[in-house]
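Engineer: Before I ask anything, here is the structure I am working with.
Each reported figure results from applying straightforward, stated rules to the coordinates on display, with no laboratory input. For clarity, every value in this text was computed on a predicted model and none was experimentally measured. All Cβ positions, even for glycine, are placed from backbone atoms using ideal geometry, and neighbour counts span all protein chains on display.
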Amino acid sequence: MRSLFHFAFNVTDLNEARRFYGNVLGCAEGRSTETWVDFDFMGHQLSLHLGQPFTTERTGHVGDTLVPMPHFGLVLGLADWQAMAERLQAAGTDFLFAPQPRFEGQPGEQWTMFFCDPFGNPLEIKGLRDLTAIYAS
């Protein structure tokens, strides 16, 4: 890894954020105050601050699908992606797009899932057999 990614955004309840990001997604909690909490998001830093979450709309065209914009997420190796999909399914996650393959047999073949955190912030988690194929065209 050449660098760490940092993303700060709003949530409306830090205890609910701890439940979802800590317990469901399995992120380790870092520093916190009464108004924000940091999480280790698979080696990247998420800073969740009390406030109004950003507005999103399904305006991103990916093939025949409209995905929520803006969104953020992770690119994982396929085994880690499958483990996360199982954790999310066991937690009763309401998926926008259930775990599924996309671009099968094409460059950039991946598995994907879209869901929102409890505050409406959309996340996409991608799984790849070979992480070096992320930019394949």
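Engineer: Compute the distance from the alpha-carbon center of region 80-137 to that of region 53-73, in whole Å.
Structural biologist: Region 80-137 and region 53-73 have Cα centres separated by 14 Å.
Engineer: Next up: Given charges of +1 on the Cβ of Lys and Arg and -1 on the Cβ of Asp and Glu, with all other atoms neutral, how large is the dipole of the chain about its Cα centre, in debye to the nearest 20?
Structural biologist: About 180 debye.
Engineer: Quick check: residue separation of S3 and E29 times 0.36 nm, minus the Cα distance between them. What number comes out in nm?
Structural biologist: Length gained, S3 through E29: 7.4 nm.
Engineer: Just how large is the dipole of region 81-131 about the Cα centre, in debye to the nearest 20, putting +1 at every Lys and Arg Cβ and -1 at every Asp and Glu Cβ?
Structural biologist: 40 debye
Engineer: Around F119, with a cut-off of 11 angstrom between Cβ atoms, what is the net charge of the other residues, counting Lys and Arg +1 and Asp and Glu -1?
Structural biologist: -3
Engineer: Which residue, chosen from Q106, T132, L48, occupies the Cα position most advanced towards the positive end of the dipole of the chain, where the dipole is computed from +1 (Lys, Arg) and -1 (Asp, Glu) charges on Cβ about the Cα centre?
Structural biologist: Toward the positive end, the furthest listed residue is T132.
Engineer: Let me ask something else. Once both labels are modelled 7 Å past Cα along the beta-carbon direction, what's the Q106-T12 spacing in nm?
Structural biologist: So the two model labels end up 3.7 nm from each other.
Engineer: Once the cut-off is 26 Å, how many percent of the Cα-Cα pairs in the chain end up in the long-distance tail?
Structural biologist: Here the tail beyond 26 Å accounts for 23 percent of pairs.
Engineer: Relative to the present Cα-Cα distance, how much length would full extension add between F95 and H61 at 0.36 nm per residue of separation?
Structural biologist: 10.4 nm
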